[in-house]
Amino acid sequence: MFSKFTSILQHAVEALAPSLPLQEDFVYHWKAITHYYIETSDDKAPVTDTNIPSHLEQMLNILTQEERERESGETGPCMEYLLHHKILETLYTLGKADCPPGMKQQVLSFYTKLLGRIRQPLLPHINVHRPVQKLVRLCGEVLAAPTENEEIQFLCTVCAKLKQDPYLVNFFLENKNKKLEAAKDGGADLVKKDPSSPDTGQNQKQNPSLVTSALKEAAACQATSPGEASPSSVHTTLPNSDNYNLVSSLLNLTKSPDGRIVVKACEGLMLIVSLPEPAAAKCLTENTELSQLLTDRLAQFYRALPQSMDPLDIETVESVNWGLDVYNLKEDAVAFAGKRALISFLSWLDYCDQLIKEAQKTAAAVLARAVRERFFVAIMEPQLMQTSEVGILTSTALLNRIIRQVTSEALLQETVYFLLGEETGPETPVGITQHPLRHRLIEHCDHLSDEISIMTLRLFEHLLQKPCQHILQNLVLRCLEERNYMENKQPEEREEREHMENGQPHDAVDLEEDPLFSDLSPDNRLSSPDWLSCSPPPSTEHTKPDGKTEVHKIVNSFLCLVPDEAKSSYQVEGTGYDTYLRDAHRQFRDYCGVCQRWDWRSSPKPFEKCNLDSPFFEGHFLKVLFDRMGRILDQPYDVNLQVTSVLSKLSLLPHAHLHEYLLDPYINLAPGCRSLFSVIVRVVGDLMLRTHRIPDFTPKLLLVRKRLLGLEPEGMRGSSLSYSVDHVTLLEGVIVLEEFCKELAAIAFVKFHASTSTSP
């Protein structure tokens with residue numbers, strides 16, 4: 001009660017007294033604080049019952065006013081006084097002792113406001129960064145401490161300052177050997193009178209408390225003169241000899257039970273990892289537990305997921321940005337079991353991804369590799385390799401979601417290495433089991449369970465759309481590098497080519513008059529004139545002077561593959577070939593944007609440089625896809641859609657050999673080799689034999705198409721069909737085959753048009 005009265009009286013006197021010069025006023029407030037420790041014997045009263053908070057706030061206001069009144073970058077006498085008399089050192093000691101109770105909070109708040117309000121750079125001063133570094137070490141020592149909020153605010157302020165001037169981070173890499181030497185010499189120094197000891201503003205005749213002794217301890221630690229220091233002076237090059245206390249304190253606070261503190265600590269770590277200083281990045285990865293935090297928590301959230309989850313729930317759950325996942329346990333439980341656990345896992349995955357994306361390059365590589373080794377290999381791989389169909393389906397769906405969500409280059413690369421291995425050399429039939437997980441996943445594309453097949457095919461489809469060259473090199477391109485799928489001789493003109501050139505079938509399309517491309521302005525075309533560097537020109541052996549005959553022949557080769565009696569799209573409005581053109585144009589443009597920076601061939605490798613005598617192996621991935629394509633008439637509709645979707649994605653890729661192998665019907669295949677076109681030709685041959693055995697084939701085909709489109713007549717809905725389920729599977733397969741051929745024709749034309757429209 002007496003202290004409150006004294007505070008009120010003091011404020012009244014200050015209000016009535018004439019204003020003092022800023023420096024005198026500043027010194028007055030500082031002396032008032034030190035006077036408390038000399039005159040007061042009761043150190044158990046909380047700091048809020050004293051005038052200390054008020055004096056500290058006044059000191060901050062004076063420093064802010066002084067900077068505002070002076071020219072930019074000029075240090076005023078009040079700031080000089082704070083630096084020269086090592087006031088921050090003294091405050092650190094008082095905060096560490098937390099005397100009076102609550103003083104640590106006041107000191108943290110003072111440091112935070114000082115660094116935040118003062119615009120001139122303070123951290124380069126040795127009498128600033130050294131006490132700041134010491135105060136950093138005090139943060140996060142005790143979980144759920146009453147000072148947690150002030151601690152995280154202080155640490156995030158320091159992180160923000162380092163983000164502005166990254167070289168200053170070297171001040172916070174504390175050398176372990178240097179620290180041990182200082183500890184050995186510190187005891188003797190404490191009893192010596194140091195002329196540079198903090199000025200308490202009092203003529204001390206006595207030393208009545210432990211805190212006053214601590215004031216001398218703060219002075220003994222400072223033997224250097226005030227002023228600016230070079231960051232290199234506090235960092236040595238000894239390997240693995242640095243403590244990164246700023247990171248350690250933030251990591252401790254990520255374990256707080258208070259979610260807001262955890263989010264702020266994660267934000268601070270995000271700022272720290274992005275600093276470009278190599279020494280800091282090295283210390284971050286070698287001397288802190290950051291990678292362990294990322295991987296342990298990722299594993300913890302993954303283990304909390306139910307063993308069985310609906311793949312649709314995993315795929316459709318709303319995307320979550322880390323730190324923003326507001327949730328309601330009751331609503332989540334009603335939605336589906338495990339939703340809260342799934343959101344928590346995806347949220348932390350997003351944080352790992354974003355942190356690695358922001359991290360300095362070498363640090364990002366180390367952190368991503370840690371995620372691969374400690375999470376993917378240790379936790380996920382056993383789940384993916386299990387034999388339980390339920391477990392396979394759930395783990396594959398989760399992996400699919402992970403692949404969709406990962407955006408950082410380093411983490412994506414390590415994820416791909418985990419899935420496919422790092423091999424880039426030619427694939428051989430005996431070597432397909434070299435990477436067990438890759439082999440297992442590709443085999444799952446042809447699993448007995450249609451659900452597992454569809455989910456795994458969808459996983460590869462998402463992989464193919466990722467901006468990672470290694471995915472395509474590993475899965476497909478390394479098998480096509482030598483072009484040994486072609487016979488080692490110059491092909492002759494074929495009879496059917498003459499037929500296609502001189503007399504087109506009745507359903508051939510006039511591409512020259514296509515409205516989609518006839519009026520494309522330059523702004524709507526592919527933006528870069530160099531996109532052709534990763535797409536093959538038409539083969540010279542059948543290029544005509546205007547270039548149009550070539551594309552006419554290729555497009556119509558695909559359009560005419562399915563015989564007329566097996567076609568049904570012409571009887572349903574809005575299902576023509578032209579419906580695929582816009583989608584193909586957009587997707588191809590997107591692929592070109594992704595592939596532009598890759599070192600891909602502008603034209604097929606010359607035959608004279610190819611090893612055409614080596615045996616051709618299409619690769620495990622294409623083998624399974626072609627096998628699946630060959631069974632399109634006997635597979636469920638959803639499986640067929642997914643198989644053709646993956647093949648169309650491969651066909652869209654602007655690579656010379658892939659284009660030739662998948663989209664050129666006229667390549668002269670080597671004996672025993674197959675291409676996508678040859679696989680479809682065999683399917684059509686089988687179709688011709690089977691259609692004659694199905695009565696009323698064409699009406700039934702049209703009915704199935706309308707049913708798939710939701711256009712079934714009212715009277716037919718709910719009625720039983722007069723043909724067996726096997727026939728429905730066949731008819732659906734025929735419809736998918738027709739649509740796939742139209743899609744391939746559109747892709748071939750779009751790629752040709754893009755090459756001609758960007759040619760000089």
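Observations
- Heavy-atom SASA rank of 575, 698 (probe 1.4 Å, accessible area, largest first): 698, 575
- Loop GluC sites (Glu not before Pro), the range 564-614, which have at most 11 other Cβ atoms in a 10 Å radius of their Cβ (DSSP): 573
- For the range 622-687, the alpha-carbon coordinates run over 32, 25, 16 Å along the three principal axes, in decreasing order.
- The range 383-475: translational diffusion in µm²/s, Stokes-Einstein, Kirkwood Rh over Cα pairs, 25 °C, 0.890 mPa s: 181
- The range 330-458, accessible surface, carbon-and-sulfur percent (1.4 angstrom probe): 53
- For the residues 676, 312, a 1.4 Å probe over the protein chains yields an accessible-area ranking, largest first, of 312, 676.
- Note on the range 53-148: the C-alpha convex hull projects to 6.0 nm² when averaged across all orientations.
- Ellipsoid equivalent to the range 336-426 - semi-axes via the Cα gyration tensor, in Å: 23, 19, 10
- Area accessible to solvent at residue 402, 1.4 Å probe radius, in Å²: 0
- Rounded accessible area of residue 422 (nearest 10 Å², 1.4 Å probe): 100
- The residue 597 and residue 373 beta-carbon pair, evaluated with R₀ = 25 Å, returns a calculated FRET efficiency of approximately 0.35.
- Phi-based couplings in Hz for the range 606-615 (Karplus 6.51, -1.76, 1.60; Gly and Pro marked x): x, 4, 5, 9, 8, 8, 6, 7, 6, x
- Heavy-atom accessible area order for 30, 322, largest first, 1.4 Å probe: 322, 30
- Difference of contour (0.36 nm per residue) and Cα-Cα distance, residue 316 to residue 142: 58.6 nm
- By a 1.4 Å probe calculation restricted to protein chains, residue 59 has an accessible surface near 0 Å², given to the nearest 10.
- Other residues within the sphere of radius under 13 Å centred on the Cβ of residue 389, judged by their own Cβ, net out at -2 (K and R +1, D and E -1).
- The calculated FRET efficiency for residue 637 paired with residue 75, based on their beta-carbon distance and R0 = 56 Å, is about 0.15.
- Using R0 = 25 Å, the C-beta based FRET efficiency linking residue 487 and residue 578 works out to 0.10.
- Translational diffusion of the range 105-170, µm² s⁻¹ [Kirkwood Rh, Cα pairs; Stokes-Einstein; 20 °C; 1.002 mPa s]: 177
The values are calculated or read from the model by the stated rules, or taken from the named source; none is laboratory data. Every value quoted in this text rests on a predicted model; they were computed, and no experiment measured them. Don't worry about glycine lacking a Cβ; one is built from the backbone with ideal geometry, like all the others, and counts go over all protein chains shown. SASA here: full protein model, heavy atoms, side chains in, ligands and nucleic acids out. Shrake-Rupley method; radii C 1.70, N 1.55, O 1.52, S 1.80 Å.
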